[in-house]
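This report concerns only the one structure given below.
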Amino acid sequence: MQRGNLDDLLVFFAVGHERSFTKAAAKLGVSQSALSHTIRALEARLGVRLLTRTTRSVSPTEAGERLLLTIGPRFEEIASELRAIRELRDKPAGTIRITATEYAADTILLPKLTKFLRTYPDIKVEIVIDYGLTDIVAQRYDAGVRSGEQVAKDMIAVRIAPDMRMAVVGAPSYFKARAEPKKPQDLVDHNCIMLRLPTYGGLYAWEFEKNGRELRVRVDGQLTYNTTAQMLNAALAGLGLAYVPEGLARCHFAKKRLRRVLEEWCPPYSGYHLYYPSRRQPSAAFALLVDALRHRQGADKRQ
């Protein structure tokens, strides 16, 4: 059907439904004369009269009534679907895919998502644990979560957590046979629990800083993992030293399950940021998620 024919049917439906050219014209926002012209043209194409006009009323003919009964329900269905689509604007929905480290997913994303997902039941969030610097565009992620220093310059970055610190930790049982390291270089003589980074396929070199002096130490040891939670468990078991986020190990310090060393070499650094391509056009669901995750001073506990 040509677009003009559909428009003519819409005009006929309005006039037939309202039983008035005046009311139909006001509803459609056009003149009465334009409606009359459209109805006459439609009747001419169909070869049958659709409306009976008098000075006081408009009523459908038998053919017109049949046409109204045929197209009326369909136009109502279309209007209903359009209303439902408009409601999606006020009821955000969709799936958002995020790549994050295990620690960020557990300590930052999960607590904030708890309230968010209950508020917006039609929004779904998929979190993929990954310690590599994943290309979120190529891998079709909506966003990633990494520390501020790791976010590429061409990305939009939104802080979602306060500054963080790393910690070198070991169990008391480990230090029974080993002296505590006094400087980062001493770590080469220790059994360290290592982290493999999938992006480069290599082992993470532990990074330190003190008084503006930066050091990277390539440690060695018997155990290698690709997540920090397992590294912490190995340290608790006395199998070596682990380099993990301070917040992950903090609860074990007071209970003396872990001992911290080289603390002065572990200054704060930029905390977790949510990042996504600058050319992305955020959906309503994604914009709401960004706002829910955004770090607000004093609102989030220090990690």
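Throughout, read-outs are computed from the coordinates displayed, never taken from laboratory work. What you see is a predicted model, and the numbers here were worked out from it, not measured in a lab. Virtual Cβ from ideal backbone geometry, glycine too; neighbours counted across all protein chains shown.
Tabulated values for the structure
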quantity: Under 5 Å, built H, 5+ apart or other chain: amide partners of Arg97; calculated: Glu126, Asp142, Ala143
quantity: J(HN,Hα) series, the stretch 244-259, from Karplus relation 6.51 cos²θ - 1.76 cosθ + 1.60, nearest Hz, glycine and proline x; calculated: 9, x, 3, x, 5, 9, 4, 5, 8, 5, 4, 8, 6, 7, 9, 10
quantity: FRET efficiency, 1/(1 + (r/R0)^6) with R0 51 Å, evaluated for Ser80 and Thr227 via beta carbons; calculated: 0.55
quantity: Longest to shortest principal axis, alpha-carbon extents of the stretch 1-157, angstrom; calculated: 77, 30, 25
quantity: Using θ = phi - 60° and Karplus 6.51 cos²θ - 1.76 cosθ + 1.60, couplings along the stretch 129-140 (whole Hz; Gly, Pro as x); calculated: 6, 7, 8, x, 8, 5, 7, 5, 6, 5, 8, 6
quantity: Aspartates and glutamates with Cα under 15 Å of Lys115, excluding same-chain neighbours fewer than 8 positions away; calculated: Asp106, Asp291, Asp300
quantity: Histogram of C-alpha separations across the stretch 166-265, 10 Å bin width, %; calculated: 16, 53, 28, 3
quantity: Rounded to 10°, Cα long-axis angle of helix 284-293 versus longest principal axis of the chain; calculated: 30
quantity: The chain - Rg (one decimal) and Dmax (whole number), Cα, Å; calculated: 33.3, 108
quantity: Between helix 3-18 and the chain: long-axis angle, C-alpha atoms, 0 to 90°, nearest 10; calculated: 70
quantity: The chain: relative contact order in percent, alpha carbon pairs under 8 Å with at least 6 residues between; calculated: 21
quantity: 222 nm mean residue ellipticity, helices alone, for the chain (DSSP H n ≥ 4; -39,500 (n - 2.57); rounded to 500); calculated: -11500 deg cm²/dmol
quantity: Calculated FRET efficiency for the pair Thr70/His37, C-beta based, R₀ 22 Å, to 0.05; calculated: 0.40
quantity: Within straight-line cross-link reach of Lys256, lysines at Cα separation under 20 Å, skipping those fewer than 8 residues along the same chain; calculated: Lys176, Lys182
quantity: Folded to 0 to 90 degrees: helix 62-90 orientation relative to the chain principal axis, Cα; calculated: 20
quantity: Residues whose placed amide H lies under 5 Å from that of Ile156, excluding near-sequence neighbours; calculated: Tyr276, Ser278
quantity: Likely footprinting exposure, Glu207, Glu126, fewest C-beta neighbours within 10 Å first; calculated: Glu126, Glu207
quantity: Extension gain from Ala205 to Arg97, taking 0.36 nm per residue of separation minus the Cα-Cα distance; calculated: 36.0 nm
quantity: All aspartates and glutamates inside 14 Å of Lys27 as judged from Cα atoms, apart from same-chain residues fewer than 8 positions distant; calculated: Glu18
